[in-house]
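Asks: Input: one structure, supplied below.
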Amino acid sequence: MNAESSAAMPVQTMKKTKWAWAVATFLGAGFGRPGPGTWGSVAAVLLWGATAWKLHLSAHGLLLALAIGIALTLVLGVPAATLVERESGRTDPSFVVIDEVAGQWIALVGSPADWRHGLSALVLFRMFDIIKPFPVRRFERLPGGWGIVFDDVAAGLYALGVASFLRIWL
């Protein structure tokens, strides 16, 4: 099969590396419509909140859980995004949302586990992910999964900075 025919092939009929598709779409959140990136971010916030509330984590425990989650999204997300991009024949496919999960969890670092902080981190991250202020957009030029994931890591860092400022000064 040549590259031209695989690029035109629908997502449902092409070869899929199951673990990569599960990770890259965050267990299917990336197939949500409209706005799969927002669905991925919302899923990340909900998982953060559920982890904090159900496990009754302290602030340090929640920070550790986020650090582990962020590390896993980066270590697994980059190769998963690369494989899914290749297998789908699409550049930075919208259904790959592991990048939004990583960026959203970065935006939540240090946030108290309540709905106001979760919502503000969600809004800030989505704003920076959509607007892509300098130099966020430059990270998209990285090859494969690196470009898919690291522009959202940068957007998450912007959101973390603003959220941290707001928590300190307001």
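The values are calculated or read from the model by the stated rules, or taken from the named source; none is laboratory data. Nothing here was measured: the structure is a model prediction, and the numbers come from that model. Cβ: placed from backbone, ideal geometry, glycine included. Neighbour counts: every protein chain shown.
Asks: Are any residues in segment 115-146 free of Cβ contacts under 8 Å to residues at least 40 places away in the same chain, buried (at least 18 other Cβ atoms within 10 Å of the Cβ) and among the aromatic types (Phe, Trp, Tyr), and if so, which ones?
Replies: Within segment 115-146, PHE128, PHE139 meet the criteria.
Asks: Given the conditions (1) under 20 Å from ALA52 (Cα atoms); (2) over 14 Å from the mean Cα position of the chain (by Cα), report the number of the one that ILE106 does not fulfil.
Replies: If we test ILE106 against (1) under 20 Å from ALA52 (Cα atoms); (2) over 14 Å from the mean Cα position of the chain (by Cα), just (2) comes out false.
Asks: Residues that are modelled with pLDDT under 95 and of a type outside the set (A, V, I, L, M, F, W, C), at least 2 per element: which helices (runs of 4 or more DSSP H) completely within segment 1-102 meet that?
Replies: Values: elements: 3-8, 18-24, 36-55, 59-88.
Because the criterion is at least 2 residues that are modelled with pLDDT under 95 and of a type outside the set (A, V, I, L, M, F, W, C), the helices (runs of 4 or more DSSP H) in segment 1-102 that meet it are 3-8, 36-55, 59-88.
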